[in-house]
Each structure stands twice: as structure tokens, then as C-alpha cells.
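Here's the structure, in C-alpha cells; my notes come after.
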Amino acid sequence: MSGKINAAPQVYDVQQTVRRESPTDHDDSVHDPIDADEIYELIRNINDPEHPLTLEQLNVTQRAHIHVDDANSTVLVEFTPTIPHCSMATLIGLCIRVRLLRSLPERFKIDIKIAEGTHQSEEEVNKQLNDKERVAAALENIHLIEVVNQCLSTASA
Amino acid sequence: MSDARLVEAAVFGIEQPNNKAIEIVDDIASSIESGKSTLLHHVQLLQSYLTSDASDVRSKGTQVLSLILTKLSKDAFQKNSVSVLVTFLTSRLSDPICVPQLLDGIHALSRLPFYGTEEAKQTSLSIFKDVHVQSFQQRTRNVAFQIIEKIVKDHPKTLKQIGDDFVLGLAQMVDGEKDPRNLMIVFQIIPALVERINIQKYAEDLFEVIFCYFPITFRQKSDDPFEISPDDLKVALRNAIISSPYLTTQALKPLIEKIEATSANVKVDVLDTVASGADKFDQKELLANFENIVDLIREDIFMTSDERVLEHALGALTALYASISSYKDSQVMNSDAMDVEMTSEATIKQNKLDIILDEANVQLTSEDLSQCDLTGKIVEAVARSCAENFVVVFNEIAPILFKRFEKDESLVHRRQIIVALNRLLKVSTELKNVQSALVSFHDRILAVYRIESSSNEDHEHATLHTSRLRGIQLLILLDNFLTDNEKHLGIKTLTECLVNSDTDDSVHQKVLSYILELADIFPNNICTITLPELFKALKSTQSTKHVDRITHSLKEFGTKKYLFSNIEMSLIDILSTTGLRATSELYVARLIQELTHSTLENNTENGISGSLMDSVATPILQNVIRRAENQCPFELESLKELARAISFIVSASSTQAQSEFIQHWLPLIGNTVTEIKPKDETANISIMTSAILCSLDPKTIISVGDMAGWIKHIAEVARQSPHSAQRQSACEIIASVINKTSNSSLRLELANSISGAPPTPDTNITLFCWVIRALAACKDKIAYDMARSLLTSTISQIPKASAEAIAGYNLILASHPWAVTRNTKGVLKLLYQQRFYSEIVPTILQGFPSASKETKTYYLMVLSRIFQHVPKTILMHDIEKLLPLLIEALRLTDPDLKSTTLETISMVISEVPNLLRLDLTSTIIPLHLESMIPSAENSIAVRCSAVKNVRLIADKFTYQDLQPAMYQVLKALAKAADDHKRLVRQEVVKCRTKWLLLED
């Protein structure tokens, strides 16, 4: 028997690309604001800690669950654990946070939350994920950061 | 030397490291071949050695004899001699010292036509009786197995005569073998043996010595000259195991045990063996273990995260259920009491299906449907096993799915149910005679696939929608299930989704693939339903994204041969009417060009270009002229696309067709390049003239009477016309004509008449560069003189023309859609760009150190243009000399120059990073970081290239090299992460991650 929390998760089809090239992409006079598609592109390929599948394949992250306000420098990412008792939810949230911290401009305030009603310890996990000190402490744990880097290796490929 | 002395020398020299003995044996063999001596004579000479009491002398004598036998061709032997030699050699196999040499001799004899049943029998029995094969080295064992393989394949009578003892002998011979090369032969012997004799008596012995290798693992060495891959060995062993029911029956239980193995590779091997041997297992044994084996496979399906295991497990299920079905048929045929047998076997079969169906029932009615997808796959695998099983499975599962669908409102669950039903429909399109099972559920099936309105924002909605569309496609593909009217409605539904601008991107991609699949079977329906809708939307839409989608769809349909002309005609028809948005018109023109190109590329039929001349080129030209006359001309970009289409057609046509074509069109449009036109719309038609004339074969004659005079007229237009398109077209035609003139003196004369070197303030620099292009492509020396004079004279004498000259260097070497290119049969000699580089760059390198600041900039810009078109191996050759210039160029402010320089530096970082080590942190990195800051000089391309290079630097240098610059780089990257262009940010993300994760 497998010791995985969710041994056989549902796998979804993935999109080849999120965004088609636009004619203004190469026009330096046009400002491209950071939008949900750009954030989604950053996190869709993060690996699940348990399976060799991406968060997009598991439908943990969805384009519709990302809210960005470039002008006010805020990002809110909601994610949906594959099962309500998923003990990996905090780790997945941490991976998303680290990925965004390493990718977005420093001016952004990043909020990571579990989509409402999709996890039994939703409140507790949200609290952990958005507590600066706890996140900083977690990232000092060498073992944990190795796991996070492992999950992010596919995202930055 | 006498024969006796020769033989003696061969025997005593055979183990010497030099090849003298071998040469002697060669001489002996050739003397036998030529009839100067006989084989018998030499055997007699060898007799004393062959029967010597000294074992080493016996062995050497035998080796010489075997070697002679190996070297001789089949004509050197007589029937009697083969028989005598086999008897002699096999009788001595009990002498272990000589076995390796004896086997070599027998092996040489076994390939001869005189080596018959009796000889084969004698050989096999002696090897089995006297040779303990496994006590010898690999090579000897290999020869023994090769002899046995030859006997098994070529001497079936021998096998029959020896019978069971052959099987036992082989089993004993193999026992303990470890070498993959030998095992490969053994595994290949067994299926051949099974085909020829009954192995029942000693099947257990044979099974034991081969199944012990299962699952076989072996690591192939990279330099293995035998090239036996682990997969070859695996497949050969599997074929051996499943070659006979006597072997597979014994394999069943051990295989069942091995299914539980933890390694995915082993699992896949076991599952494949089960699938391959399913119809060969003893049926009673299989039935007794069926539930157990299915349970184990099902557990694998539910628990594995390895796609391969899943795929092979499903394959094994299909094979197992197919074998149960074929068993029933054969038993009924042989039964006297048919009804009784039918009943009992139908029950058995139902029981076995129930193992799957009961579990599926539980899963498909569970509250969360968590295993619905895998259950659907299992049910699909079982249904695929045969038509009969499909009917039973469908009758059982479909009602459960319908019921659940009617009651369950959850989008996720509905999609899962549709996907499961789609799987069964897919199977029904693959099997024959199963459609009738679906008919009774006709209405309930259609109810599932009724399209609901969907929200585009929602991923779940989109996937549900896609599953439904897939189902509709499958229903259309089913024979005799939908009425013609229903099929029509189905294709219409798919088309609506394809055409609708609100359709989600992922849904659009899928629905396009579904309709494309249908197009092969129902081309008429696609022509009457889908294409008209696409054209209608193309004419009416105002959204560029929508036009992009429609033209993409049309392009996909256009690649189907039977739809191409329909689409191409309609597109040209659309262009004849005005009112289309300029962007749409450009998309349509590009589509015509792309379809024309792909049709000519993929279609090797004779006459295709001729038919395209009539159906595509002519109507396009008529359209272009008519619209110019009606004051509603095409935009320049659209004209260029259409001109490319015409260029493809003309260059693919025969010289005769080309002549006829220009005879018709030159009088109509030729004046667009010989006369200066007052209006832009007429002047722009010159693009079409250029495309036609530049695409002509060098042998096609342009009938203009006085060619030199005609060219001069065109040159005048190139210099004087106020319309840039007309000037450009005139230059292209001149260059093309010069380039295609095969007589070099005539070519030179023509070039001189247009443009003499060095350039003067009156020289038209662009035309001058086009002439250089035409001549440089032929590697004409004058081209290099002209280019050097352009380099030295322009900047000093005509500074205002230097910008034009810099652009000109790009023009000389860059590719062009039709003028002086290979595609249009231009004369482009091998490595002409490299030659140009080697002629011009030394002049720049020589002049650079003493040049003024202004000239230096000019030189660097010229260099950057040349670099773009030269292979990197050439650049790398001179890179040490060029590097200081590259660093200098990074400090300049021209964006194009910077961008090209960064690309060249990227090559240096990749290929010869050591060259940069000294200046890395002091110069190279700081210059790159400065290039990341948005400004007029740091264009998007510059910033992207700079960031890419900084990432590459992190790859190519050690932590110690990079450490001093780390803080500086991360700070600059953090700032660049807020670049206002997305393309730059995307590169920064990759680069920043790389630098953040650098470790000592």
C-alpha cells in the first residue's frame, strides 16, 4: 500500500500556453501590467510534493483563483487542495509563496490562501502561510527549503 | 616449403601473437580452393597432431583444422568429407581440452549444404552427452548455442528423431548461463523449438532454466559491440516464455506473485508478459486464478502513480478478458452438449466480468466519485477485449452513468461521468457489431451530450464542455447510431463552438482537433457546414484574436488535400471584396501564402504548380490590379504576403509555364518597375512584378528586347522613384537579373553599368548594396572590392550615407523572400557568407585601432550586421581578436548594435567562457547590468539578451568566480523584475532563480 495522503489524484488536461503573443509585446512604449495570467504562468508548473504532477494538472491552482492589482501592488492566490484533509496544503502554499517571492518585484504584498471551503483546517493553514515570521522561520529550515526547491525545480524550468 | 612443413609451422605458430600461422592457414585454404591440394591431404598431414598424446599439440592441431574449415568456401567440400569430418570432430568432443576448437570446426561445417539430418543428429547428441557447456568460457558456450540454434532452425527432422531428449539436452546445456549474448540465442532457440516439436515431457525442466531469469535486468555498456539492449533481452525472454502453453501454464503462478513487485520496470515487464501470454495460459488454471490476478492488476491501477504501469495494467486486463472470451468459443465448437456448455460458460464469463462490474458499480455510485476516472479506464479496458464483453459491460455500466448524471448536479461529477461514457463510446467506434447495443439507449445518450451554456471563466465548465464535445464527435463517428440529420446537427454544434469568439482557448483547440478528425470521414459535411461558418465569421468579426483563431482553423483544414482548393478559392474570393478590416485582410493574405507554400511542399504531383497558376496566382493578380484601379488597394504588408504566394508558384513552375505566365503579365504590370508611377497604389504593384521576375528560372527568357536598356530604366526607377516600395522592387529585380546571368563578363558589365565602385555622393547606396549582394552570392571578387570601398569611402567622403551603408551590410547577407535566394533558383555559391566575412572583417580589424571615434562606431555597427549572418564556428575562430571590439560595442548607444553584440557575447559565454574570466566582474557583468535598465538604447531585445546572458554566466562560471558580483547582480535583477515589459520580466524570473540558488 502507498503511504501517500492522496494516492490516486484526479489528473486534469493542461494548456500549452496561457497567453498568446500580442502585437504590443515588442512595443516598448506600452506598459504590460502584471496580471493573473502572468502569475498563473509562474505557479502552474510547481510540482506537487507527493506526485510527479504539476499543480495545474491536479487543478490545485487555477487561473480564475488569482487576483492581482498591479497598481496597488497586491497579489492574492487561492489554491484548492486535492482532498479536504490534505496535510501537504501548507507545503504547497509555502511553495507558491517562495516562487512568487523569488519572481515578483519587491513592492508586491503577496497573500496565499486556501480556496474557501476546500480544506478542513483552512483557517489555521491560511494563518501559517501569511505569517511573515513563521514563513521566514520555515525558510531557514534547510530540509524544508530543499523540499521547496525540489517542488519549484519544474516551475523554473 | 612443403605442405608438411607448412602444416607444422601453422600448428606450432598458432598461439604466437604474430599472424604468421593465420597467413599459412590462408595459404593452405587457397591452395585447396584452387585445386592444387585437397582437404583430405591436409587432414592426413594433421593426423599426428590431432591424435597426439600431448594435449596442447592435440588442441593446436584441432585449432588449425577448424581454422582451415572456417576459411574454406562451401564448394571446397564434398558430401562424404563433411560426414567424415563431423564424425571425427564429434567423436572427440569428450576431450575437454580440444572442445573449443572442435566446436569451431563443427560450427564451420554446420553452415554447409552437405551438413544433413544425420550430421545434425550426431552433433546434437554428442554436445548434449559429452560437453559440459557451462564449464567453458563465454566464446565456446556461444559457439555451442549457435550450433544448436542452426540445428533447431534448419534440421526439423533431426529434432523429431531426437525428440524429448533434445529438449532435456538443451535445458541442461542452458542451466546456469549468465552471459546476455548467449541468453539472447537461447531465448530465440526456444520459440523455434516449440514450433517444431512437442516439448511437453521436459517442459518443466526447460521452464525452470529460463523462467529463473524473469524479470531480466541487465545494464548495457555504452561500448557494447553486440548492441544487445535490455529491452531486446526482455522481449526475447518474454517470447520464449509465451511460446508454448506448456511454459505459460507454469508461468502463471510465479507471474501472479511478481505483479506485486515494487519496481515499476518489473511491474511493466510482468504485466506485458501476462498480456502477451493471456491466450496461452491453461484456461482452467487461468479461470481458477482469474479473480486473484484481476484484483492485483486493479490494485496496481488504483495505487500507481506511474503512467507506464497504468497503461500496461490496462493492456493486461484487456488481454485477459479477451482470452476468456476466445476460450468459450473454442469449447462450444468442440462440445457435444452445446446448450449445457453454453450455459455454464456464459455463467463463468459473466462471473468474471462481475469482478469488474460490481466494483465499478460501487465506485460509480459512491458519493464523491473519487475513483471515477480510473474506474472508467478499467471498464474501458474490459469492454475493449471483445464485442461480446463490450455489450455486457455497456448494458451494465451505461444505465448507472445515466442515472448518476440525471441526479448529480456537481460539475466535476458530471464531467467525470461524461468522460467515462466517452471511453465506452470510443471503444464502440473501434469494435465491429456493437453499435446495436447502444441503440436502445439512444435518447438517454443524447440527453447527456446536450450542450448547456457555459461560463468561460470557469476551468471546470470548460473541461465539462470539452468532454461533451468529444462525446458528440464520437457519436458522429459511430456507424448507424445517429441519423443523417442528427449528424448534421452534431457537426453544427461543434462548428458553432469552433466559430464562437467566446469559446475558451483550451476548448477551441480541442474542438478543432475533433472536427479535423471528422473531416477525414465527412469532408462534404465540413465543406457545407463548417467552412461557410468560418468564412462568415471571418468577414464579420472585429476582433483580431478571433481572426487569428479563424485563420488558424482554416489553415489546419487547408492542409487536408480535399479541402485545400475550396478554402483557397473562398479566401481569394473574400479578398476580391472590400470592406474587410485591414488586419483581417493581412491574416487572409498570409493564410493564402502559407497554404500555397504547404501545398507545394507536400504535393509532388506534376502539374500542381500549373494548376495553382490558374487558380491562385492569376486571380490574386487580377484582384490586386482591380483594387488598385478602384482606389481601394491592398495594404503593403498584405501585398507582400500575396507576392510571396505568387513567388512560390512561379518558382515551382516549369520554364515554359513561366514564359507563358510572364508573356501574359509583363505587358500588364511590367511598367510598374520601368516607369515612375505618380500614385502609391500603382507603384506598390511593383512588389508583385518583383516577386514574379525574381522567381524565374535562370533559363527563362524575359522577352524585353534590349535587356541592358530595360535594366537601365529599372535602375532609374530605383534611384528616382518617390515610392519606397517601387525603389525596393526595382533593386530586387536588378540584383536578381545580375545574379542569374551565367556569363561572368556579361554579369560584370551589367553590374558596372548600374553602379561603379567606389561610391560617390551621387551613388544610390541601397542599389549599390543590392548589386554587391548579387555578386557576392556568386563569390565574384568585384563584390568584395565594392564592399571594401563602401566601408572606407562612405564614412570619410559621404558621412550622410553611412546609416544607409550600415543597413546595406545587412541587406547583402540577409535572407529575402524572393530576390537572390535559393528558393527562387538564385545563384548562391557554397559558403558565400563566410567568404564575405573573411574578405571584409580583416579590413575592419586592421583599421579599427587607428580609426576616429565616429569611424569606430561605424565599424562596430557594420560588424554587428555581418555577425548576424555568419555561423558561430566562424566567429569563434576569430573571437580573441573580436572580443575587445565587442566590449567596446556594449558601451555604445545603438540598440540594434547592442542587441547583436549581446547575442555574440552569449556565444562566447557558452563556447569559450575562459576568455571572459579576467574581465568578468570588473567589466562584463557591470556592462550587462547596465543594459538591463530600460532606456532608448536598451530596447526590449537588449534587456532580454542582457538578462539571458547573466543567466548563462551563472551556468558557466564557478561560485568563486561569481561571488564578488553576487550582491550587485541580485540587486539589479530585483529592480529588473519590475520592468514594464512582460517579456523582460519572464527572463528575469529565470535568471533570478538561477542566481538565488547558486551554491558554493
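Among residues that are acidic (Asp, Glu) and in a loop (DSSP other than H, G, I, E, B), residue A:41 is not included. Every test in (1) assigned by TED's automatic domain parsing to the domain that holds residue B:954; (2) at pLDDT 85 or above; (3) under 30 Å from residue A:26 (Cβ atoms); (4) not hydroxyl-bearing (Ser, Thr, Tyr) is passed by residue B:866 save one, and that test is (1).
So if I check each of A:134, A:107, A:97, which one is touching a residue at least 12 places away in the same chain (Cβ under 8 Å), away from chain B (no Cβ under 13 Å), farther than 30 Å from residue B:373 by Cα and charged (D, E, K, R)? Step by step, each of A:134, A:107, A:97 is checked, and only A:97 is touching a residue at least 12 places away in the same chain (Cβ under 8 Å), away from chain B (no Cβ under 13 Å), farther than 30 Å from residue B:373 by Cα and charged (D, E, K, R). Take the residues of segment B:53-91 that are in contact with an Asp or Glu (Cβ under 9 Å, 6 or more places away or on another chain) and not in a helix (DSSP H, G or I): which is nearest to residue B:21 (Cα to Cα)? Among those that are in contact with an Asp or Glu (Cβ under 9 Å, 6 or more places away or on another chain) and not in a helix (DSSP H, G or I), it is B:72. When B:252, B:247, B:286 are checked against the criterion of being in contact with an Asp or Glu (Cβ under 6 Å, 6 or more places away or on another chain) and either under 24 Å from residue B:195 (Cβ atoms) or acidic (Asp, Glu) (or both), a single residue qualifies: B:252.
In the set (1) charged (D, E, K, R); (2) modelled with pLDDT of 90 or more; (3) farther than 22 Å from residue B:51 by Cα, the condition left unmet by residue B:111 is number (2). With respect to the conditions (1) without any contact (Cβ under 8 Å) to a residue 40 or more places away in the chain; (2) within 14 Å of chain A (Cβ to nearest Cβ), residue B:465 lacks only one, and its number is (1). Can we say residue B:374 is under 37 Å from the mean Cα position of the chain (by Cα), among the aliphatic types (A, V, I, L, M) and within 14 Å of another protein chain (Cβ to nearest Cβ)? For residue B:374, the condition - under 37 Å from the mean Cα position of the chain (by Cα), among the aliphatic types (A, V, I, L, M) and within 14 Å of another protein chain (Cβ to nearest Cβ) - is met.
Give, as residue ranges, the helices (runs of 4 or more DSSP H) completely inside segment B:901-1000 that count at least 3 residues that are closer than 26 Å to residue A:104 by Cβ and at pLDDT 90 or above.
On the way: elements: B:925-930, B:940-956, B:959-962, B:966-976, B:982-996.
Of the helices (runs of 4 or more DSSP H) lying wholly inside segment B:901-1000, those with at least 3 residues that are closer than 26 Å to residue A:104 by Cβ and at pLDDT 90 or above span B:925-930, B:940-956, B:966-976, B:982-996.
For segment B:515-549, filtered to residues that are under 15 Å from residue B:499 (Cβ atoms) and within 14 Å of chain A (Cβ to nearest Cβ), the residue that is most open to solvent (accessible area, probe 1.4 Å) is B:545. Under the condition of being over 17 Å from residue B:741 (Cβ atoms) and in a loop (DSSP other than H, G, I, E, B), the residues counted in segment B:698-725 number 3. Checked against the criterion of being of a type outside the set (A, V, I, L, M, F, W, C) and crowded, with 21+ Cβ neighbours inside 10 Å, segment B:607-617 contains one or more residues that satisfy it. If you go through segment B:961-972 and pick out every residue that is without any contact (Cβ under 8 Å) to a residue 40 or more places away in the chain and either within 13 Å of another protein chain (Cβ to nearest Cβ) or open to solvent by 50 Å² or more (accessible area, probe 1.4 Å) (or both), you end up with 4.
Residues are listed down the side, and each one gets a yes or a no for (1) modelled with pLDDT of 90 or more; (2) among the hydroxyl-bearing types (Ser, Thr, Tyr); (3) open to solvent by 50 Å² or more (accessible area, probe 1.4 Å):
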site: B:218; (1), (2), (3): no, no, yes
site: B:222; (1), (2), (3): no, yes, yes
site: B:227; (1), (2), (3): no, no, yes
site: B:231; (1), (2), (3): no, no, yes
site: B:240; (1), (2), (3): yes, no, no
site: B:246; (1), (2), (3): no, yes, yes
site: B:251; (1), (2), (3): no, no, no
site: B:254; (1), (2), (3): no, no, no
site: B:258; (1), (2), (3): no, no, yes
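Counting only residues that are open to solvent by less than 10 Å² (accessible area, probe 1.4 Å), among the hydrophobic types (A, V, I, L, M, F, W, C) and assigned to a helix (DSSP H, G or I), segment B:802-821 holds 3 of them. Has segment B:477-497 got at least one residue that is among the charged types (D, E, K, R), within 36 Å of the chain's Cα centre (by Cα), surrounded by fewer than 21 Cβ atoms within 10 Å (Cβ to Cβ) and within 14 Å of another protein chain (Cβ to nearest Cβ)? No; the residues of segment B:477-497 include none that is among the charged types (D, E, K, R), within 36 Å of the chain's Cα centre (by Cα), surrounded by fewer than 21 Cβ atoms within 10 Å (Cβ to Cβ) and within 14 Å of another protein chain (Cβ to nearest Cβ). Taking first residues from segment A:29-56 that are more than 11 Å from every other protein chain (Cβ to nearest Cβ) and partners that are hydroxyl-bearing (Ser, Thr, Tyr) and surrounded by fewer than 21 Cβ atoms within 10 Å (Cβ to Cβ), the Cβ contacts under 9 Å between residues at least 6 apart in sequence or on separate chains come to A:45/A:154; A:45/A:156; A:46/A:154; A:47/A:153; A:47/A:154; A:54/A:154. Just to be sure, is residue B:507 at pLDDT 85 or above, within 11 Å of chain A (Cβ to nearest Cβ) and surrounded by 21 or more Cβ atoms within 10 Å (Cβ to Cβ)? When the stated conditions are applied, residue B:507 passes them.
Away from every other protein chain (no Cβ under 14 Å), polar (S, T, N, Q) and surrounded by fewer than 17 Cβ atoms within 10 Å (Cβ to Cβ) - does that describe any residue in segment B:932-954?
Quick first cut of segment B:932-954, residues away from every other protein chain (no Cβ under 14 Å) only: B:946, B:948-950, B:952-953.
From what is left, the residues that are polar (S, T, N, Q) are B:949.
Now restrict to residues that are surrounded by fewer than 17 Cβ atoms within 10 Å (Cβ to Cβ): none.
Looking for residues that are away from every other protein chain (no Cβ under 14 Å), polar (S, T, N, Q) and surrounded by fewer than 17 Cβ atoms within 10 Å (Cβ to Cβ), one finds none in segment B:932-954, hence no.
With the condition kept exactly as written, say whether any residue in segment B:263-284 is surrounded by 19 or more Cβ atoms within 10 Å (Cβ to Cβ), within 14 Å of another protein chain (Cβ to nearest Cβ) and in contact with a helix residue (DSSP H, G or I) (Cβ under 6 Å, 6 or more places away or on another chain). Scanning segment B:263-284 turns up at least one residue that is surrounded by 19 or more Cβ atoms within 10 Å (Cβ to Cβ), within 14 Å of another protein chain (Cβ to nearest Cβ) and in contact with a helix residue (DSSP H, G or I) (Cβ under 6 Å, 6 or more places away or on another chain). Note on segment B:754-791: residues that are loosely packed, with under 15 Cβ neighbours inside 10 Å and either hydroxyl-bearing (Ser, Thr, Tyr) or in contact with a Gly (Cβ under 9 Å, 6 or more places away or on another chain) (or both) total 1.
Would you say residue A:85 is at pLDDT 90 or above, more than 11 Å from the chain's Cα centre (by Cα), more than 10 Å from chain B (Cβ to nearest Cβ) and closer than 19 Å to residue A:122 by Cβ? Let's see the steps before the verdict.
On the way: at pLDDT 90 or above: no; more than 11 Å from the chain's Cα centre (by Cα): yes; more than 10 Å from chain B (Cβ to nearest Cβ): yes; closer than 19 Å to residue A:122 by Cβ: yes.
For residue A:85, the condition - at pLDDT 90 or above, more than 11 Å from the chain's Cα centre (by Cα), more than 10 Å from chain B (Cβ to nearest Cβ) and closer than 19 Å to residue A:122 by Cβ - is not met.
Out of curiosity, is residue A:114 touching an Asp or Glu at 6+ places or on another chain (Cβ under 6 Å), more than 12 Å from chain B (Cβ to nearest Cβ) and of a type in the set (A, V, I, L, M, F, W, C)?
Values: touching an Asp or Glu at 6+ places or on another chain (Cβ under 6 Å): yes; more than 12 Å from chain B (Cβ to nearest Cβ): yes; of a type in the set (A, V, I, L, M, F, W, C): yes.
Judged against the criteria, residue A:114 is a match.
The single condition among (1) modelled with pLDDT of 90 or more; (2) at the interface with chain B (Cβ under 9 Å from one of its Cβ atoms); (3) open to solvent by less than 40 Å² (accessible area, probe 1.4 Å) that residue A:8 does not meet is (1). In segment B:283-309, the residues that are farther than 15 Å from residue B:356 by Cα reach residues that are among the basic types (Lys, Arg) with C-beta atoms within less than 6 angstrom, at least six apart or across chains, in these pairs: B:309/B:267.
Looking at segment B:983-996, which of the residues that are without any contact (Cβ under 8 Å) to a residue 12 or more places away in the chain and more than 7 Å from chain A (Cβ to nearest Cβ) is farthest from residue A:154 (Cα to Cα)? Walk me through it before giving the result.
Within segment B:983-996, the subset without any contact (Cβ under 8 Å) to a residue 12 or more places away in the chain is B:985-986, B:993.
Narrowing the set further to residues that are more than 7 Å from chain A (Cβ to nearest Cβ) leaves B:985-986.
Details: B:985: 18, B:986: 15 Å.
Ranking the candidates gives B:985 first.
Do we find a residue being charged (D, E, K, R), within 15 Å of the chain's Cα centre (by Cα) and away from every other protein chain (no Cβ under 14 Å) anywhere in segment A:59-78? The answer is no; no qualifying residue exists.
The values are calculated or read from the model by the stated rules, or taken from the named source; none is laboratory data. Quantities reported herein were computed from a predicted structural model and do not represent experimental measurements. Because the Cβ atoms are built from the backbone with ideal geometry, glycine has one as well, and the counts that use them run over all protein chains shown. For accessibility, only protein heavy atoms count, side chains too; no ligands or nucleic acids. Shrake-Rupley method; radii C 1.70, N 1.55, O 1.52, S 1.80 Å.
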